[in-house]
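A short worksheet on the structure shown next.
Just so it is clear, none of the values below were taken in a lab; they were calculated from the coordinates. Source: prediction; values computed, not measured. No Cβ is skipped: glycine too gets one built from the backbone with ideal geometry, and neighbour counts run over all protein chains shown.
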Amino acid sequence: MKQFFKACVSGLALTAATTLPLQAADMLSEVGAGEGSVSIVAWPGYIERGETDPAFDWVTKFEEATSCKVEIKTANTSDEMVALMNEGGFDLVTASGDASLRLIAGGRVQPVNIDLIPSWSRVDDRLKDAPWHTVKGTHYGTPFMWGPNVLMYNTEVFGEAPKSWNVVFEEMTLPDGESNKGRVQAYDGPIYIADAAMYLMAHKPELGITSPYELNEDQYAAALDLLRTQRTLVSRYWHDAFIQIDDFKNEGMVASSSWPFMVNLLKADGLPIASVIPQEGATGWADTLMLHSEAAHPNCAYMFMEHSLNSNLQSDLSVWFGAVPSVPEACTDGSGMQTAAGCSENGLDDFDKIKFWQTPVSNCDGQDNCVPYYRWVSDYIGVIGGR
Amino acid sequence: MSDLSSNAALFAPRSGPLARAVDWIIRHPRMFVFLLVLPITLWLGIVYIGALIALLIQSFFSIDEFSGVVVHEFTLKTYGELLRPYNLDIILRTVAMAASVTIAAAILAFPIAYFAARYAKGKWKALFYVGVMLPLWSSYLVKVYAWKLVLAKEGILNWIFAKLHLTWLLEGVLSLPVIGGNSLSVSYIGTFLVFLYIWLPYMIIPVQAALERVSKDLTEAASDLGATPRQNFRMVLLPLALPGVVAGSIFTFSLTLGDYIVPQIVGNSRLFIGQAVYTQQGTAGNIPLAAAFTVVPIVIMGIYLWGARKMGAFDAL
């Protein structure tokens, strides 16, 4: 029933075989009959079957059409996703760029045969060969959703949109005449060091930062110094989307890095909130639907990957989550509720301004000796702790 | 032996494997006890102690600084990392918070428990129990989020202070170095208040139980012999009720030591031990350091329990 590539048959597989011989050999060559179910590790809100809100459902039709029952396991952080995939027993995962390369390096996901996914051609050209899921020309998944980490601000305090991230990095008097001290927030994750590095890219070109995820010791130290200044401005870092929403409602917060998700929810509540991507650009996340190397239901998984690109999923999910579809047509083709205006509000046109999350590794392309993620974690703890 | 053989003579061996197994167990009472104790020993041994040992072993490994991969070789390097200033900060911060929450809980709980033990009768006693236990019946998360709203800059507490024209007082407290902050909900004071609220019942109940056991005659006798109320409290009531206070403090101290949710929701984002474990094992993949961090509360609680035993906290068990 199932046929497998022999490693020697495909040149593509051969290329991958140098790094991951086993997985390359196992790449599916034909989608057979469904196995009856598919289990997915996903971000909360990513796989909706109309139970939270009947208007948002991109699972029921898939189950009816393929008889593959979808099982969902939600994970709150990239690290939980990696841990669940290491544990095994799942077929697919919606991995962000700071998890996807770890999964590939750990051999937890297998290459995906894009010839078996007819709608691959619909994927945004800018995402087809994105480095967070494509290693040495081999694709390890299908792009799912992406979005920027925007600067959210209070429109009553800021008459016009802030032009720079300096409102959260440097002490200053805001347009309403009061200091920004205690009224701005930053993200409580080590990956936020990249935001500081990105700010330095624009304001301290002499440091020579080429990518905010590839920092040598000097660049890294400069980023930490900037974050130490920020610590004096920030009363509480945000970790949970709903706590940030509450802080903007009750704690007098006026500016912070955030996701379109929170911006949309606050706007829906009628608060004077808007968001912008300042001149320095923004960091962002891009998620990929990846296939477990020991997936028990590969046929259903392939069917779901196709479904994710060719249904109402892209359109409705981008409305639901405040993200940008990986299939540009989903903004306009009426497959769901998304509109062209909605897409550009969520960041469709800002792709080039976004530095997508990736895991910092010591062995990086730009330079020889980069500071690895492990150090980002302990040092960011130190910065937040006031060191 | 003679008993067993006479039994064998009295009862002819029954047929069937189950019946024979039952007979065998009846004739071997020690085996019967062994089989009874076996499951719980296995549970304690494998699930509890085993997990603890697995954790301990992890803490003696280290993470390779270059690749971030765990090196499975014995080393004390990870414990050395605990002594780095920012990690030491986390430990001291957590212990200081746990200690102050415990002391405050003891001071608050004593009069409440004393009233309940001495004066509350019948209906009032029932009301006391309900009042103390009621907060424990609602979800922990709901309580913490509710407190976040109460303590917020635009929350009810600030509003009350403003209405009473006491905003200067609140601002004065919040302008204190270290414990102050931009608002109650982003300061150590806020974290402290929430911890105190959440764990207070765990202090009241043991103290009340201890006070119930202190005979009224003893305090009356002390008064008759000329002890002032102050002396009476210091020399009679407190020493006799101390095991209860210590028992309660075990709860409040250890619960604060291990909590990682309260400081994440209310506070200034500076990490506590529980959060450090969470981030190190999760985001960093640094299991050895997370394990070493976990050993810290175990050691502290070990010392604490040893001291508590000396003070007689377990005498009434």
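Figures for the structure shown
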read-out: Per-region count, the range B:181-198, residues under 18 Å from B:Phe272 (Cβ atoms) and surrounded by fewer than 24 Cβ atoms within 10 Å (Cβ to Cβ); value: 8
read-out: The range A:362-383 - residue that is among the hydrophobic types (A, V, I, L, M, F, W, C) and touching a helix residue (DSSP H, G or I) at 6+ places or on another chain (Cβ under 7 Å) and, of those, farthest from the other protein chains (Cβ to nearest Cβ); value: A:Val371
read-out: Tally, over the range A:215-259, of residues that are more than 8 Å from chain B (Cβ to nearest Cβ), buried (at least 20 other Cβ atoms within 10 Å of the Cβ) and assigned to a loop (DSSP other than H, G, I, E, B); value: 5
read-out: Selection within the range B:259-304 - assigned to a loop (DSSP other than H, G, I, E, B) and either free of Cβ contacts under 8 Å to residues at least 12 places away in the same chain or at the interface with another protein chain (Cβ under 8 Å from one of its Cβ atoms) (or both); value: B:Gly267, B:Asn268, B:Ser269, B:Arg270, B:Leu271, B:Gly282, B:Thr283, B:Ala284, B:Gly285, B:Asn286
read-out: Meets criteria (within 14 Å of chain A (Cβ to nearest Cβ) and either under 24 Å from B:Arg84 (Cα atoms) or over 23 Å from the mean Cα position of the chain (by Cα) (or both)) for B:Gln231; value: no
read-out: Evaluation of A:Ala323 against (1) under 30 Å from B:Ser62 (Cβ atoms); (2) touching a residue at least 40 places away in the same chain (Cβ under 8 Å) (one fails), failing number; value: (1)
read-out: Selection from the range A:268-310 of residues that are touching a helix residue (DSSP H, G or I) at 6+ places or on another chain (Cβ under 8 Å), assigned to a loop (DSSP other than H, G, I, E, B) and over 27 Å from A:Leu103 (Cα atoms); value: A:Asp269, A:Leu271, A:Ile277, A:Gln279, A:Glu280, A:Gly281
read-out: Members of the range A:80-124 that are of a type outside the set (Gly, Ala, Ser), farther than 19 Å from A:Thr138 by Cα, surrounded by fewer than 21 Cβ atoms within 10 Å (Cβ to Cβ) and without any contact (Cβ under 8 Å) to a residue 40 or more places away in the chain; value: A:Glu80, A:Asn86, A:Glu87
read-out: Complete set of residues in the range A:161-201 that are within 14 Å of another protein chain (Cβ to nearest Cβ) and of a type in the set (Phe, Trp, Tyr); value: A:Tyr187, A:Tyr192
read-out: From A:Ser335, A:Ser308, A:Ser362, A:Ser344, residue being crowded, with 23+ Cβ neighbours inside 10 Å and not aliphatic (A, V, I, L, M); value: A:Ser308
read-out: Residue among A:Tyr199, A:Tyr153, A:Tyr140 that is among the aromatic types (Phe, Trp, Tyr) and over 21 Å from the mean Cα position of the chain (by Cα); value: A:Tyr153
read-out: Selected residue (only one of A:Met145, A:Met198 is under 23 Å from A:Met85 (Cα atoms) and touching an Asp or Glu at 6+ places or on another chain (Cβ under 9 Å)); value: A:Met145
